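**Q** Input: one structure, supplied below.
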Amino acid sequence: MSTKLNKGIAALTLSTVACLGAVSSVSADISPVLGFEADQLSAAGVTATNNEAITDQFASLYGVEFSIVDPFTMNTMDALPLLTEVGANFDGTYPNHDDGFLSQINDTFDQARPGFEDELGGWFLRTKSPIDANPGSLLMTMTNGPVNYVTGQIWDIDGDLAESAGVAVGTEQWRVVALDSDGFEIDAIVSPIGDSPDPDVNPYESAPWTWAFDRAENDIFAVRIDFIGTREAGAGLGFDNFSTVPTPGVASLLGLGALMTAKRRRRIG
């Protein structure tokens, strides 16, 4: 089991939220949703610098620590999640650039499709630079003890692109796994596959897919996001809007399809 999970297990001071029994370390005057925005970076003492490595800077305010692990061994990898500024930071020498995803709609890097700009905001988290497939899995460890609810967003789930697009052929897909105190899987959600190489057809091109675990007890010590697509290069994880507190707005973020999935999962359970 990773040392990251051990930290989460050891820290058992819970801040209980009456709404739906959720647990969070976020104080009343701070947004419960971590969107890596400028005010949140400042409050956490994080310099708003593109490519800054993110580990435990948000532990005290949001009860989460980020790392990149091998999904099979759970060993921590040398790479760290990187803070990424929205908009192209391309230095002209692919693949040595500082961007998380390519927007086919806007023909630029790290820019949300029209209508989703506010959700992406000005900053987000990504797995590594340069963009590559299987860069290790993003691990989120709950530093204030286990929670029963956790949500986040994966951005820009691409479809199978043509060779003419200048990138590798293959799909992107992700598996989000909830882990217990021993690092064992207790729940999992599989993302959609990009429906089409046509950005007008694929709803996740330059847009978010929101996932959420809503369990009956506080047994989620960590969440891991694994790449399970077929692409061998040109895939990267853009992550945003983490929270362990259910809010009235989460329904609109999840969308009808995700809500129906959640209802079916609860009935099965």
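**Q** Condition first: within 14 Å of SER137 (Cα to Cα) and part of a strand (DSSP E or B). Now tell me which residues in region 33-92 satisfy that.
**A** Once the filter is applied, which keeps residues that are within 14 Å of SER137 (Cα to Cα) and part of a strand (DSSP E or B), region 33-92 yields GLU65, PHE66, SER67, ILE68, VAL69, THR76, LEU82.
**Q** In region 88-108, what count of residues is obtained for those that are exposed (fewer than 11 other Cβ atoms within 10 Å of the Cβ), at pLDDT below 80 and of a type in the set (Asp, Glu)?
**A** Going through region 88-108 one residue at a time, the tally reaches 1.
**Q** Then there's this: Inside region 139-230, counting only strands (runs of 3 or more DSSP E) that do not spill past its ends, which hold 1 or more residues that are open to solvent by less than 10 Å² (accessible area, probe 1.4 Å) and within 23 Å of GLU119 (Cβ to Cβ)?
**A** Details: elements: 149-155, 174-179, 185-190, 208-214, 222-227.
Passing ranges, in order: 149-155, 174-179, 208-214, 222-227.
**Q** Taking region 120-138, which residues are modelled with pLDDT of 85 or more and open to solvent by 50 Å² or more (accessible area, probe 1.4 Å)?
**A** Within region 120-138, no residue meets the criteria.
**Q** Taking region 51-65 as the region of interest, how many residues are closer than 13 Å to LEU83 by Cα and either surrounded by 23 or more Cβ atoms within 10 Å (Cβ to Cβ) or among the hydroxyl-bearing types (Ser, Thr, Tyr) (or both)?
**A** Looking only at that region, the number is 2.
**Q** Restricting attention to region 34-58, report how many residues are in contact with a helix residue (DSSP H, G or I) (Cβ under 9 Å, 6 or more places away or on another chain), under 20 Å from THR244 (Cα atoms) and among the hydrophobic types (A, V, I, L, M, F, W, C).
**A** Qualifying residue count for the region: 4.
**Q** Report, by residue number, each residue of region 184-215 that is in contact with a Lys or Arg (Cβ under 9 Å, 6 or more places away or on another chain) and touching a residue at least 12 places away in the same chain (Cβ under 8 Å).
**A** If the condition is that a residue be in contact with a Lys or Arg (Cβ under 9 Å, 6 or more places away or on another chain) and touching a residue at least 12 places away in the same chain (Cβ under 8 Å), then ILE186, ASP187, ALA188, ILE189, VAL190, SER191, PRO199, GLU205, SER206, ALA207, ASP214 are the ones that fit.
The values are calculated or read from the model by the stated rules, or taken from the named source; none is laboratory data. Not measured: the values here are computed from a predicted model. Note: ideal-geometry Cβ built from the backbone for every residue, glycine included; neighbour counts use all protein chains shown. With ligands, DNA and RNA removed, areas are computed over all heavy atoms of the protein, side chains included. Shrake-Rupley method; radii C 1.70, N 1.55, O 1.52, S 1.80 Å.
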